[in-house]
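The values are calculated or read from the model by the stated rules, or taken from the named source; none is laboratory data. What you are looking at is a predicted structure, and each value in this text was computed from that prediction instead of being measured. With ideal geometry, Cβ positions are generated from the backbone for all residues, glycine too; neighbour counts draw on all protein chains shown. For the accessible areas, the whole protein counts, side chains as well, though only heavy atoms, and no ligand, DNA or RNA atoms are used. Shrake-Rupley method; radii C 1.70, N 1.55, O 1.52, S 1.80 Å.
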Amino acid sequence: QVQLVESGGGLVQPGGSLRLSCAGLGTIGSTYTMGWYRQAPGKQRELVATIGSTGTTNYADSVKGRFTISRDNAKSTVYLQMNSLKPEDTAVYFCNADIRSFKSNQVGNYWGQGTQVTVSS
């Protein structure tokens, strides 16, 4: 069984920073592309950033220059450093990963449970 567990959300003032973490747990053999998505109330889930297994990154235009995605392959963990936060960044943030289970030898796409980020004064 594979699962993704997120942490690091919370309430922050505009201009502040937060760091999200997402750890892969269970029968993880290999981890491929990992990423973060977010969903604001009344809106569709949208891509925030992704990072490939070799470190190639991709960002939504709305977060370029403010957010940084990184990963620790040894820990099957992905991070999202969020700086200069704006009220419009308020959303539930979900991590996502393509993971090969060493038990089944199959690659599956997995989601975390989501963590709330609220940017407000």
Residues of segment 16-29 classified as more than 14 Å from Thr77 (Cβ to Cβ) and of a type outside the set (A, V, I, L, M, F, W, C), total:
4
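Mind counting the residues in segment 15-33 that are open to solvent by 50 Å² or more (accessible area, probe 1.4 Å) and in a strand (DSSP E or B)?
Going through segment 15-33 one residue at a time, the tally reaches 5.
In segment 66-100, which residues are in a loop (DSSP other than H, G, I, E, B) and more than 16 Å from Gly16 (Cβ to Cβ)? Step through it out loud before you land on a result.
The first filter runs over segment 66-100 and keeps only residues in a loop (DSSP other than H, G, I, E, B), leaving 66, 76, 83-86, 90.
Passing the criteria: only Ser76.
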Tally of residues being among the aliphatic types (A, V, I, L, M) and open to solvent by 60 Å² or more (accessible area, probe 1.4 Å) across segment 81-121
1
